[in-house]
Amino acid sequence: MNAPLPPEVLKQHLIDPEICIRCNTCEETCPIDAITHDGTNYVVDPDICNGCMACVPPCPTGSIDNWRLVLRSEAYSVQEQFGWDELPGEKPLPGNLAEGAPADAPAGASPPAAVAAAPAAPAPSLPGASVPPWSAAHPYVNLYTHKAPASATVVGNYRVTDEDTGSDIHHIVLDFGNVPFPVLEGQSIGILPPGTDAQGRPHHARQYSLASPRDGERAGYNNLSLTVKRVTEDHQGRPARGVCSNYLCDLAKNDTVQVIGPFGNTFLMPNHAGANLMMICTGTGSAPMRAMTERYRRRIARGTNGRLMLFFGARTQRELPYFGPLMKLPRDFIDINLALSREASQPRRYVQDMIRERAADVLALLADANTCIYVCGLKGMETGVLEALRDVVVQAGQDWSILHDALRREGRLHFETY
Ligand code: NAP
């Protein structure tokens, strides 16, 4: 049991700048705005953080889960943390204080001792699970870091949307040769774009989900694929050139790329016979769904697959990545539902509209304890999808909050949204 810390001592929450991929997930998750960032680092304000741990499970890299015992009067300030390239080591506390404090500050998703002793705000419940499905394979994470990245060679780069559309989405295949890079479907990697930012510092890594299954884009090869949309405007629609997406989309065969990761230990697929997958995605959020679908496709002959149901949103059919190959999949293998939002001949449809339209089949899958649900894509879809699932369940006279709790507790509902 953790002894309460002396009042002068703080178990300070810190983010490891060497592992952090600056994805903004922690800042978005923090319910009390204790996390902030500058052009270099994401940091935790010691004057605001109450150790509620809400930010820990969603962090894809685990860089968020770092703690140091410090004197409150000497806590690392936000400004100090902005200047770090690496975490400072443990500093011994003065002798009389060290006796009352735990010997180390272990990593792990349990509240830090200082917080456990003090009243803290309850952690807000996450929309999805913070554990993987029970039958998921064990993932490797953080094998390669900013300081020691892996080198991969581009062996393929081609566009997967129609040429005359504004959505320039590429399928990029990276080969690791003899470098070990074990991955699972649902995991992501970080790409280090070459060059420096406006302050002259190396660009930080950008995160991309794998679009290929664990045994390679080409089965039996040490390669993987990504789905990358060329960013040409910012969220307000003003012209902006995405540093990493343009770098990746312009790569030629035999170019080399610096890679870190892999990341992710919860958005993983089940491995047991009869497991069903409900996959809900928009645009390039289809990457992990392609990986999982391909894993199942390669195992059709075994006869152990459960059902696959896909809800896929895109502006138009011509902007939907992988439309051609997707349509070639057998109808008895995967139940495909396309939600097109800007198709001139049709009213606007989002994935959540399709979920409601398919209520009976969605309900049947939700009722099966072998079903895992994956949601990936635009941040905005998160609420809409949850509401649609809730409506389907409530309209059948069932209790959504009981089912939602079970889906989270059993690692059967996963979100990856940006
Ligand atoms: P997009 O083309 O902008 O949008 C795809 C579709 O989603 C459109 O039909 C869009 O409709 C619709 N949509 C917009 N708001 C929605 C909402 N609130 N609920 C449901 N549907 C909604 O998508 P994208 O540019 O490809 O972006 C996909 C997202 O996935 C990005 O944020 C990306 O960061 C993220 N992501 C990418 C990867 C990867 O590995 N590449 C992995 C994970 C996540 P309208 O625009 O017509 O309204």
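For this structure, a couple of remarks:
- The range 9-83 - Rg and Dmax from Cα coordinates, angstrom: 11.2, 32
- Inter-site label distance for Thr153 and Ala3 at 7 Å from Cα along Cβ, in nm: 5.9 nm
- Evaluated at q = 0.15 Å⁻¹, the base-10 log of the normalised Debye intensity for the range 216-316, with identical point scatterers placed on the Cα atoms, takes the values -0.85.
- Label-reachable residues, the range 212-226, where backbone N falls under 12 Å from a point 7 Å from Arg302's Cα toward its Cβ: 214-215
- Residue among Ile35, Ile373, Ile300 with the largest mean-square fluctuation in a Gaussian network model of the chain, springs linking Cα atoms under 10 Å: Ile300
- Of the peptides 169-177, 39-47, the ranking by mean beta-carbon count within 10 Å, highest at the top, reads 169-177, 39-47.
- Extension reserve of the Val141-Ile402 stretch, reckoned as 0.36 nm per residue once the Cα distance is removed: 90.8 nm
- Inter-label distance for Thr256 and Asp368, nm, one decimal - labels placed 7 Å from Cα along Cα-to-Cβ: 4.7 nm
- Relative contact order for the chain, counting Cα pairs under 8 Å that sit 6 or more residues apart, in percent: 16 percent
- For the pair Asp162 and His272, the difference between a 0.36 nm per residue extended length and the Cα-Cα distance amounts to 35.9 nm.
- Overall form of the range 150-263 per C-alpha gyration tensor (a/c, 1.5; a/b vs b/c): oblate
- Estimated [θ] at 222 nm from DSSP helical runs (n ≥ 4, -39500 (n - 2.57)) normalised by residues in the chain, nearest 500: -5000 deg cm²/dmol
- Between Ser125 and Asn246, the modelled labels are 4.5 nm apart [label points 7 Å from Cα along Cα→Cβ].
- Stokes-Einstein D for the range 276-417, Kirkwood Rh over Cα pairs, 4 °C, 1.567 mPa s (µm²/s): 84 µm²/s
- Alpha-carbon Rg/Rh ratio, for the chain, with Rh computed the Kirkwood way: 0.98
- Considering only the chain, percent of DSSP beta bridges that pair antiparallel, nearest 5: 60 percent
Only the coordinates and a few stated rules stand behind these numbers; no lab work does. If you're wondering where the values come from, they're calculated on a predicted model, not measured in any experiment. So basically every Cβ, Gly included, is an ideal-geometry build from the backbone, and we count neighbours across all protein chains shown.
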